Amino acid sequence: MQMTISLHQLQRFGLLILVVLMTLGGTTGCKSKKKLAREQAAAEYASKVEQATKDLNAMLNDETTWTLEEKERRFATIKSWNLQDENVLNLMDQVEDMLSRERAEANRKAEEERLRQEEDALRAREAAKYNSIESQFLAIAAAPDMEAANERIERALSLFASPDVPVLIIISQAGGFNDYDRPTTISKYLNYLKDQKVYNNLIEQVKYDANGKITELELIKK
């Protein structure tokens, strides 16, 4: 029995084949894109593992010029990649320990510097407190003649409780202990400045009585 196929049936059959071919092509295309994406992801992962290994080893071997802050930022970036490579994880543990020790040392040095600056500032404030006293000592040493020197001595003595106020002069310091020159009195010290015409000490400490008069003066050689 002979079958006859109409033009309309041929058209429908051709359309069906076209749909099948497009479907198969689309499925193949999707599979190719997924494969390409997997390959790209694998390549990116491998590149990060390689870069992380390089940077971590460079930090461990001190082969970079990075500051501590730069090393910490780089380590944080590598950590954010969440790599599961065993070698990278081992290197990260070592670098993290190293950076922790470096940060502790940096903090210690920063604290020492802060304390040093505070001490310098305190000394500067203490020295400023004694500027008026030292200016009188300098004026006596720089007096143009005996009469001017004696007038300046009398003015300076008005700051002290008596002419016999002890003056202690530190000649050396070691281990928290002071080594003093032979004790003298303020009257003798001021006349010494008049005779020598030079003041080469600094005021280390001053003690006052209830009336604000100096009862003891401690100097240190410059």
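Points to keep in mind about this one:
- In the chain, the longest principal axis of the Cα atoms and the axis of helix 146-157 are about 60 degrees apart.
- Our estimate of slack between LEU122 and TRP66, defined as 0.36 nm per intervening residue step minus the Cα-Cα distance, is 16.6 nm.
- Value at 222 nm in deg cm²/dmol, rounded to 500, when DSSP H runs of n ≥ 4 in the chain each add -39,500 (n - 2.57): -23000 deg cm²/dmol
- When DSSP beta bridges are restricted to pairs lying wholly in the chain, around 70% turn out antiparallel.
- If R0 is taken as 41 Å, the Cβ-Cβ distance between GLN173 and LEU99 corresponds to a FRET efficiency of 0.55.
- Between LYS79 and ASP209, the contour length at 0.36 nm per residue exceeds the Cα-Cα span by 40.3 nm.
- Amide hydrogen neighbours beyond the local backbone of LEU168, cut-off 5 Å, H modeled: LEU217, GLU218, LEU219
- Placing a pseudo-label 7 Å from each Cα along the Cα-to-Cβ vector at LYS35 and SER132 gives an inter-label distance of 9.4 nm.
- Dividing the mean sequence gap of close Cα pairs (under 8 Å, 6+ apart) by how many residues the chain holds gives a relative contact order of 14 percent.
- Set LYS34/LYS71; LYS129/LYS194; LYS35/LYS79; LYS33/LYS71; LYS35/LYS71 screened for pairs whose C-alpha atoms are more than 30 Å apart: LYS34/LYS71; LYS33/LYS71; LYS35/LYS71
- 0 to 90° range, to nearest 10: angle between helix 131-141 axis and the chain longest Cα axis: 50
- Counting only alpha carbon atoms, the long axis of helix 7-60 and the longest principal axis of the chain meet at about 20°.
- Quotient of Cα Rg and 2.2 N^0.38 Å for the range 130-221, N being how many residues it contains: 1.06
- Reach of LYS213 by Cα under 20 Å, taken over aspartates and glutamates that are not fewer than 8 positions away in the same chain: GLU126, GLU134, GLU151, GLU154, ASP164, GLU204
Rule-based calculations on the coordinates, nothing more; no lab input. Since this is a predicted model, take the numbers as computed values, not measurements. Using ideal geometry, Cβ is built from the backbone for each residue, glycine included, and neighbour counts are taken over all protein chains shown.
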